[in-house]
Amino acid sequence: MADFARTLLATDFGNAAPIEHRFPITGLGVCVNFSDPVLATAYTNRLPKSDGARLDIDHHLIAVHAADLDWSAVPEWTDERCSPRRFHAILTAAGLSGTYPFAPGLWQIYDPAARKGVQLTGSRADLPPWDFGAPLRHHLRWLLAQHGFRLAHAATLGRDGRGVLIVGDGGSGKSGTTLAGIAAGMTTCGDDYVALGLEPSAAHLMFRVLKQDRPGLSRIAALHGRTDTLSENWQGKVELDPEALFPGCLTQRLTIGAALLPSITRRATAQAVPIGGGGLMRAMVRSNINQFPGEDDHGLGFFAKFLAPLRCFRLELALDPAENARTIDRILQDLPP
């Protein structure tokens, strides 16, 4: 496995992947080369935009199809006795990172020392259905870890550079709450994945996308009729660029002063109830533990440090999205400057 990974990383992709894009991620310059123009466009529409200034390159990633390398097929993983945990232990001992090949036709390998990664697929069809909502998620997690950041399954809202982190399992109300907030004029670094940094606790933009089901969209008055023509993804949710609907709502960074654990109560008024950090900690670990199967580091120590200085609340959500936004606004106003 390690030999194959090194061979893949050492392959000359110059002619096979000529399409180059550069992305600013948590202040880092990430260069991605593509062999597929459709994939290049899809990923570029999701990853953070450059402000036009030339980026110094800190990491180099390559997304390539086997056909573009004149390979007849992608090597198959057949050792069913090797568990995901054992797979990661083997690569870690070799100084490498990689995703366990659950799906045929997909390899994701990264060399921290060289700061180089490869995503090899047989074709675009070999990518999992969630890939286009969070492209290069595994590679970005590995490279961010080298700089003291952590990719987290969470949402954010804020004003004037100060914000709250919204944590919870799928279906807990993170996306709906985020959508309500940006409809009320707040900013966000994301509703699904964000990069977290310490000292001070801060969240950074990773993906320019917001996902919501039709009932959730229908509760936002400002969206009536504006998303009807958008298609639904594999989860039955609409994936949309929030900037297209609420210009200026995405921000590269928010200093986080509070963490919220939403619960859907369908009450008339929303309520923010102070709670200890333990509940938020458990929710963060539970929400993130299944994102990267087989890898040992679930972020326990990092999340504890991140949450330690924050005010923590259970956010009992109201039926009215505008009421939920007003409640979060009050929390933001009470944060120290």
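Considered as a group, the residues in the range 193-214 that are over 17 Å from L144 (Cα atoms) and out of contact with any Ser or Thr (no Cβ under 7 Å at 6 or more places or on another chain) include one that is surrounded by the most Cβ atoms within 10 Å (Cβ to Cβ), and that residue is V209. Among the residues of the range 262-282, those identified as exposed (fewer than 11 other Cβ atoms within 10 Å of the Cβ) and assigned to a loop (DSSP other than H, G, I, E, B) are A268, G276.
Would you confirm whether or not the range 41-50 contains a residue that is within 27 Å of P129 (Cβ to Cβ), assigned to a loop (DSSP other than H, G, I, E, B), basic (K, R) and not assigned by TED's automatic domain parsing to the domain that holds A195? Taking every residue of the range 41-50 in turn, at least one turns out to be within 27 Å of P129 (Cβ to Cβ), assigned to a loop (DSSP other than H, G, I, E, B), basic (K, R) and not assigned by TED's automatic domain parsing to the domain that holds A195. Can you find even one residue in the range 312-328 that is basic (K, R) and within 23 Å of G197 (Cβ to Cβ)? Within the range 312-328, not a single residue is basic (K, R) and within 23 Å of G197 (Cβ to Cβ). Return the residue satisfying two criteria in turn: it lies in the range 100-126 and is assigned to a loop (DSSP other than H, G, I, E, B) and in contact (Cβ under 8 Å) with a residue 60 or more places away in the chain, and of such residues it is surrounded by the most Cβ atoms within 10 Å (Cβ to Cβ). The qualifying residue surrounded by the most Cβ atoms within 10 Å (Cβ to Cβ) is Y100.
Within the range 41-66, restricting attention to residues that are of a type in the set (A, V, I, L, M) and under 19 Å from the mean Cα position of the chain (by Cα), the residue that is farthest from R141 (Cα to Cα) is A42.
Restricting attention to the range 195-226, the residues that are part of a loop (DSSP other than H, G, I, E, B) and more than 19 Å from L335 (Cα to Cα) add up to 11.
Checking the stated criteria, G190 turns out not to satisfy the condition of being in contact with a helix residue (DSSP H, G or I) (Cβ under 6 Å, 6 or more places away or on another chain), surrounded by 16 or more Cβ atoms within 10 Å (Cβ to Cβ) and not hydrophobic (A, V, I, L, M, F, W, C). The single condition from (1) closer than 28 Å to T26 by Cα; (2) at pLDDT below 90; (3) not small (G, A, S) that W234 fails is (1). When the criteria are applied in full, S97 meets the requirement of being in contact with a Phe, Trp or Tyr (Cβ under 7 Å, 6 or more places away or on another chain), in contact (Cβ under 8 Å) with a residue 40 or more places away in the chain and not β-branched (V, I, T).
Taking the criterion of being among the aliphatic types (A, V, I, L, M) and not in a loop (DSSP other than H, G, I, E, B), the residues of the range 180-194 that qualify are A180, I182, A183, V194.
The values are calculated or read from the model by the stated rules, or taken from the named source; none is laboratory data. Please read these numbers as outputs of a predicted model, since none were measured by experiment. Methodologically, a virtual Cβ is constructed for each residue, glycine included, from the backbone with ideal geometry; neighbour enumeration extends over all protein chains shown.
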